[in-house]
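The values are calculated or read from the model by the stated rules, or taken from the named source; none is laboratory data. Keep in mind it's a predicted model, so treat the numbers as computed, not measured. So basically every Cβ, Gly included, is an ideal-geometry build from the backbone, and we count neighbours across all protein chains shown.
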Amino acid sequence: MKTMDKQTILDELRKVLAPYTENKEALNTINEHTNLIKDLKINSANIIDIIIDAETRYDIEIDVDSAEKMSSVGSCIAIIMEKMQEKQC
Amino acid sequence: MNRRVVVTGLGVVAPNGTGVPDFLHAIQNGVSGIRFNPQYEALNFHCQVSGIPVFDWDHLKNYVTEVTFHGLKGQGIGYAIKAALDAWKDAGNTLQPEGDPLWDTGCVFGNSVSDTVVIKDIIARVDAKAAKKLGSRVIEQVMNSGATAYVSGRLGLGNKVITNSAACATGSQAVLMGFEYIKFGLAKRMLVGSTEHVDPYIFGAFDSMRVLSRKFNDTPEQASRPMSATAGGFVPGSGAGALVLEELDFALARGATVYAEILGGANNSGGQRNGGSMTAPNNEGVIKCLKEAMTNSNVTPKDIDVISGHLTATMADKMEIRNWIAALGNDINRFPVTNSLKSMIGHCLSAAGSVECVAVALEIFHQFIHPNINMEDPNPEIVDMVGADVFPTTCLRQKINVVAKANFGFGDINTCLIFSKYENNG
């Protein structure tokens, strides 16, 4: 899992989000603008679980400041890509 | 204060039956739920038998959302959800995922400790410097109010939502508290009960106290022997019991089935004085509690048809019988028929009282008295006091009206409830 394009990250992210949303239709059609809380109706307390699961899935560490920015699918992908690149350096 | 309180819904997860139909069949037929416990053997416990409900964890997907189910690990919480929601549906209610809170309906659900297996996981992760990986779902499962919070949130209960804890008196205390809130006009309906998970840490500590059965490891179904000459300690049990209590008018208005009426009860402490201690009751406190329960319920000792005892299969059994004799006094013609559900399911600690209350409601509704199993050798000291005939060893099909249900817990806590057959006499 060294390099991943945006689409692959999004597909993986969909699997990470799946246990935390009842809204499967919205999950199937997520895009960069999808908001985790407003659109996917994810409980705000579960965002931390999503971050922990994402750390495991992408083999990265997400610091607290970065985690606070992960509100939409787009921002999640951006931070995941950033952390994966940092790791390669 | 003329409000009447009735039982309209039942749910149970017990070692000898999960769900009311299986449990009813088991208690009518004297079916033991005690099995050999290989984990206890591996851990070098003296006691290597226990009562663990047959419980399909995935079945909980029918009770909570997929998101809630994901990350749910607390066994006691799982038992509570199943028992409480079954009771709710049994009372003729539906599970509404949304809508306004039910302001007239509250919940009292008890437990001794939250799930120590979940606590162990937290301790292991924190000690391994991985606290960051714990996530958001563990606190809600280790807080003492976890079971109550899951249940009341699923149902949208908006009245008092309370988690009580009084060791082995927890379950019947929860029922009494729910009864009182309705009786005093503070709620129309209360979902009450308690839960217990038979984990090795709690029962390891009981094992060390030498209060658990240890001589029947090879014949587990014979291990729980209340009032028997060979009773040698209690058998660890686990499960959950739940009852829906309603103000009678509220129940009748919605056409609910009434299992039984609760006439009243009492809850006190012997103060750990005059022979009472952390682990043993002050007999004076017990007798006072039993008498007050009858007085508060407007029944006399002669009215008691059946005693559903605490009777755990320890030295305390004969003391309990002696206390009942003292509380009932000299005006009774004979000592009431007496049974102990623990002979079939062991001692479910906090869950004991609620599971036993479910049994009492079923006995009253279906008019039977469940047997005491493993009583082929009644304790001679007990027989000397009341005879052997008052302890049925097969299921009795007979008319019963009033049942007294008592439980006693560490901390010198006593609870007694008086149930009766529901008569529509205005």
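So B:Ala149 clears everything in (1) of a type in the set (A, V, I, L, M); (2) part of a helix (DSSP H, G or I); (3) under 30 Å from B:Gly346 (Cβ atoms); (4) more than 14 Å from chain A (Cβ to nearest Cβ) except one condition, right? Which one?
Failed condition: (4).
Filter region A:16-47 down to the residues that are away from chain B (no Cβ under 11 Å) and assigned to a loop (DSSP other than H, G, I, E, B) and list them by number.
A:Thr29, A:Ile30, A:Asn31, A:Glu32, A:His33, A:Thr34, A:Leu36, A:Ile37, A:Lys38, A:Asp39, listed by residue number.
Could you check, for region B:320-329, whether at least one of its residues is touching a residue at least 60 places away in the same chain (Cβ under 8 Å) and closer than 27 Å to B:Pro200 by Cβ?
No - not one qualifying residue is present in region B:320-329.
How many residues does region B:29-53 contain that are touching a helix residue (DSSP H, G or I) at 6+ places or on another chain (Cβ under 8 Å) and either of a type in the set (Asp, Glu) or not in a loop (DSSP other than H, G, I, E, B) (or both)?
So the answer is 8.
I'd like the full set of residues that are assigned to a strand (DSSP E or B) and either surrounded by fewer than 24 Cβ atoms within 10 Å (Cβ to Cβ) or over 9 Å from the mean Cα position of the chain (by Cα) (or both), limited to region B:161-195.
B:Val161, B:Ile162, B:Ala166, B:Arg189, B:Met190, B:Leu191, B:Val192
Within region B:11-24, is even one residue outside any helix (DSSP H, G or I), more than 14 Å from chain A (Cβ to nearest Cβ), more than 24 Å from B:Leu191 (Cα to Cα) and at pLDDT 95 or above?
Within region B:11-24, none of the residues are outside any helix (DSSP H, G or I), more than 14 Å from chain A (Cβ to nearest Cβ), more than 24 Å from B:Leu191 (Cα to Cα) and at pLDDT 95 or above.
Among the listed residues B:Gly426, B:Gly353, which satisfies the condition of being among the small types (Gly, Ala, Ser) and at pLDDT 95 or above?
Step by step, each of B:Gly426, B:Gly353 is checked, and only B:Gly353 is among the small types (Gly, Ala, Ser) and at pLDDT 95 or above.
Considering A:Asp5, A:Asp59, which residue is loosely packed, with under 13 Cβ neighbours inside 10 Å and either more than 14 Å from every other protein chain (Cβ to nearest Cβ) or in contact with a Phe, Trp or Tyr (Cβ under 7 Å, 6 or more places away or on another chain) (or both)?
Of the residues listed, the single one that is loosely packed, with under 13 Cβ neighbours inside 10 Å and either more than 14 Å from every other protein chain (Cβ to nearest Cβ) or in contact with a Phe, Trp or Tyr (Cβ under 7 Å, 6 or more places away or on another chain) (or both) is A:Asp5.
Among the residues of region B:66-112, write down those that are within 14 Å of chain A (Cβ to nearest Cβ) and either under 24 Å from B:Val358 (Cβ atoms) or touching a residue at least 60 places away in the same chain (Cβ under 8 Å) (or both).
The answer is B:Thr68, B:Gly71, B:Leu72, B:Lys73.
If I go through region B:177-194 residue by residue, how many of them are of a type outside the set (Phe, Trp, Tyr), over 18 Å from B:Ala83 (Cα atoms) and in contact (Cβ under 8 Å) with a residue 24 or more places away in the chain?
Count: 7.
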